[in-house]
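Structure, as structure tokens:
None of the figures in this text is laboratory data; all of them are computed from the coordinates on show. This structure is a prediction, so every number in the text was calculated from the model and none was measured. Cβ coordinates were reconstructed from backbone atoms using ideal geometry, including for glycine residues, and neighbour counts include every protein chain displayed.
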Amino acid sequence: MKLRSLAAAAVLALATVAAHAQAGLYFNPVAIRVSNSVADVGPAAFLGQNSTSQVFYGYDFGGYYDFFHSGRLSAGLDVRESDLHANNAMLRSFLVGGRVSAKPFSRPIKPYAQFSFGVSTTKAPTITAHVSKFDYAVYGGVDYTIHKHIDFRMVEIGYGSMTTISSGTYGGGSNLYVPPAKQLSFSSGLVFCF
């Protein structure tokens, strides 16, 4: 919770840096395919017994603040929180990252890319314990301006890695090593710009 408060305070402090700054808030549906090369067989199997992949569905809620502008390029920060579920398992993440966007065309299309890192909390389907570990992801997407204050996020694709709860890391009942899981995410929705 302290990390979230610190990140929110940093974004608000940066709000006074530049008069040309642009901020955006989004609340979008997201699907993430989480996969692993090793199937977990114990009671804390995050992806399910003997499974190596699972698709999680939920939402991303966050915002960005572009405080640097140079011609058609902008740069800033993005803060997001995700809440996803599948097969009675839970995945929540809180990520902070650097963001770069551009307006390369005369049309209102704005591609962007960002690198984010933070913490993911996972819960396996059959136990109530939660484990929080380091998480990182790279995102790329395209926003389309449909109104002065509304962008349509045509697509956002992300790829990252995270360590999940597993029978090898929880309970000590298994010597099985489950490597960090890979995540591939897809999202679309609306962005409200200020």
Would you work out which of P104, L73, S93 lies farthest towards the positive end of the dipole of segment 62-116? Charges go on Cβ: Lys and Arg +1, Asp and Glu -1.
P104
Say the dipole of the chain comes from +1 at the beta carbon of Lys and Arg and -1 at that of Asp and Glu; which of L84, Q22, L184 then lies farthest toward its positive end?
Q22
Need one number: nm distance between label points at F152 and F115, each 7 Å from Cα along Cα→Cβ, rounded to one decimal.
3.3 nm
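May I ask you to derive the relative contact order of segment 26-155, considering only C-alpha pairs under 8 Å and at least 6 residues apart, and to give it as an integer percent? Intermediate values should be presented prior to the final figure.
On the way: 322 pairs, mean separation 23.5, N = 130.
Relative contact order for segment 26-155 comes out at 18 percent.
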How big is the dipole moment of segment 96-194 about its Cα centre under a simple scheme where the beta carbon of each Lys and Arg is +1, that of each Asp and Glu is -1, and everything else is neutral? Debye, nearest 20, please.
220 debye
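Note the count of lysine pairs whose C-alpha atoms are less than 23 angstrom apart in the chain, limited to pairs 8 or more residues apart or on different chains. List each step's numbers first, then the result.
Working: K2/K123; K2/K133; K103/K148; K110/K148; K123/K133; K123/K182; K133/K182.
Close lysine pairs under the 23 Å cut-off: 7.
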For q values of 0.17, 0.18 Å⁻¹, compute log₁₀ I(q)/I(0) with the Debye formula on a Cα-only model of the chain, without solvent.
-1.04, -1.13
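Report the gain in length on full extension from S37 to V138: 0.36 nm times residue separation, minus Cα-Cα distance, nm rounded to one decimal.
34.3 nm
With +1 on the Cβ of every Lys and Arg and -1 on the Cβ of every Asp and Glu, and nothing else charged, how large is the dipole of segment 27-158 about its Cα centre, in debye rounded to the nearest 20?
Working: 12 positive and 10 negative charges, 67 e Å.
So the dipole magnitude of segment 27-158 works out to roughly 320 debye.
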